[in-house]
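Encoded as structure tokens, the structure appears first; notes follow it.
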Amino acid sequence: MTCFNSAVRDDADALPPLLAALGGARPVRPPVWFMRQAGRSLPEYRALRERGAQGAGMTGMLGACLDPATAAEATLQPVRRHGVDAAILFSDIMVPLALAGAGVRIEPGVGPVVENPIRTPADVAELTARSLGEAPNGPGGLAAIEEAARAVVAELGAPGRPGATGGLPERALAGLAHSCGAWGWTPLIGFGGAPFTLAAYLVEGRPSRDHLAARTLMHSDPASWDALLDWCARITGEFIALQIRAGASAAQLFDSWAGALSPKDYRERVAPHSARALEIAGRAISPTTGGHVPLIHFGTGTSRILADMRAAGADAVGVDDRTDLAWAIGELGGEGACPVQGNLDPALLAAPWAVLGPAVDACLEAGRAAPGHVLNLGHGVPPTTDPDVLTRIVARAHGDEEWEGTALAGWDGRVGTPGAPAPDTGGDRA
């Protein structure tokens, strides 16, 4: 894989802060974005979902992900509101599995559900004979992902090409302007699920606390396990590469369940497949930047395997909120020193500002020990979060009193997609 860090220009300030930090530099303002910033806590997102988009013939969450207008709008909403340093494409780690014909759906209140869990060598052989986009709705679904990413980049801009933002409310324009700053554009992050996390869902059939069936397959039938993870690596790597080729200028590999593994099992039975996914994604060229993009490797409960995750080939490692950031930076130090991302505790988002503000400062201070640091949560935004709190964190990280004033003033309640009437939200103001 081509290492992004080696391609970062000496003058890192010419790059948007996210890309500079992921390249191991110290930008003039610390970059910040939030996992699960697209949706969940935003009233404008809830209004968007009420429209019931059915992309690629699918309903529910997958249908929303595969409707280009809905996915693009949901991706852009947090940038307009919070002024974060990056957007992340509104999608789901189950999307590539669905587009390969794996028979998955997302049930409200449950999560991903696989119609026919993969448990036998025959199951593995049947699944792994399929390719990304092979489902009947596969070609249309892949085209929808590309269209959504291109629409997002059109609004966020690119080097030397300001974004097209006509028709947006003044407050949304202010968020976009704060986000792109002096650099004139904002990066889009693509993402995919890591092979183990995808395999865990495929084998278990639904969310699991211990992933016992997946780990049993790993030990009892190593050949089938390796075939399954190799397939997952190829599918998710190609899915991330698709987003990069459509304009994403960074990407993140999510390994939500890798913390369930022992370090030995991770190194021997999982890490090579994560490396394969990163290698496939790392070959893609973004038309936005004209080059390879930085890759972030993130997992939850992964303090014991952080160095192994780094060794899999990512440019930066995400640190969850269960892990001390300073300790994690030390674990990733020496010759393996790399930029880090994280790791504010999401529970703090509901705490008084007298508690949250200093916690933001402490996280930024700890991050200075790494070659580069991207401020983020240690996991996703809780759905009950007051969105204005997220905007205020961005202002705090950027050291921008004017933007903090904007955060304290709140959102004006106007929502909508460029060129389309804004839906009535009843003046909802978070």
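The values are calculated or read from the model by the stated rules, or taken from the named source; none is laboratory data. Since we're looking at a predicted model, the values are computed, not measured. Cβ: placed from backbone, ideal geometry, glycine included. Neighbour counts: every protein chain shown. What goes into the accessible areas is simple: the full protein's heavy atoms, side chains included, and nothing from ligands, DNA or RNA. Shrake-Rupley method; radii C 1.70, N 1.55, O 1.52, S 1.80 Å.
At a threshold of 8 angstrom on Cα-Cα distance, excluding pairs fewer than six apart, so keeping six or more, what relative contact order does segment 277-356 reach in percent?
With pairs under 8 Å counted, the relative contact order is 23 percent.
Antiparallel as a % of all DSSP beta bridges within the chain, to the nearest 5?
20 percent
Over the chain, what is the relative contact order in whole percent, taking alpha-carbon pairs under 8 Å and six or more residues apart?
Reported relative contact order: 20 percent.
With a 1.4 Å probe and every protein chain kept in, tell me what percent of the accessible surface of segment 261-350 is carbon plus sulfur.
Carbon and sulfur atoms account for 49 percent of the accessible area of segment 261-350.
Residue 250's amide H: which non-local residues (gap 5+, or another chain) put their own amide H closer than 5 Å, with H modeled 1.01 Å from N in plane and none for Pro or chain starts?
When sequence neighbours closer than 5 places are left aside, the close amide H contacts are 188, 190.
Can you put 150, 215 in order of accessible area, largest first, using a 1.4 Å probe?
150, 215
Which of the peptides 301-314, 194-207 is most tightly packed, and how do the rest follow, judged by the mean count of other Cβ atoms within 10 Å per residue?
Ranked from most to least packed, the peptides come out as 194-207, 301-314.
Mean separation of Cα pairs under 8 Å and 6+ residues apart, divided by the residue count of segment 188-338: what relative contact order is that in percent?
RCO, segment 188-338: 24 percent.
Please give the contour-minus-distance gain from residue 220 to residue 268: 0.36 nm per residue of separation, less the Cα-Cα distance, rounded to one decimal in nm.
Between residue 220 and residue 268, full extension yields an extra 15.8 nm.
Could you tell me which of 32, 359, 165 has its Cα farthest along the dipole of the chain towards the positive end, charges placed at Cβ (Lys, Arg +1; Asp, Glu -1), taken about the Cα centre?
165
Stretched out fully, how many nm does the piece from residue 303 to residue 129 gain, at 0.36 nm a residue minus the Cα gap?
Gain in length upon complete extension: 59.2 nm.
On a C-alpha basis, how far is the centre of segment 29-73 from the centre of segment 80-155 in Å? Whole number, if you could?
A separation of 14 Å, based on Cα centres.
Stretch residue 173-residue 361 to full length: gain in nm at 0.36 nm per residue minus the Cα-Cα span?
64.9 nm
Among 390, 235, 325, pick out the residue whose Cα is farthest towards the positive end of the charge dipole of the chain, where Lys and Arg carry +1 and Asp and Glu carry -1 on C-beta, about the Cα centre.
235
Can you give the accessible area per residue of the chain, in Å², using a 1.4 Å probe?
37 Å²
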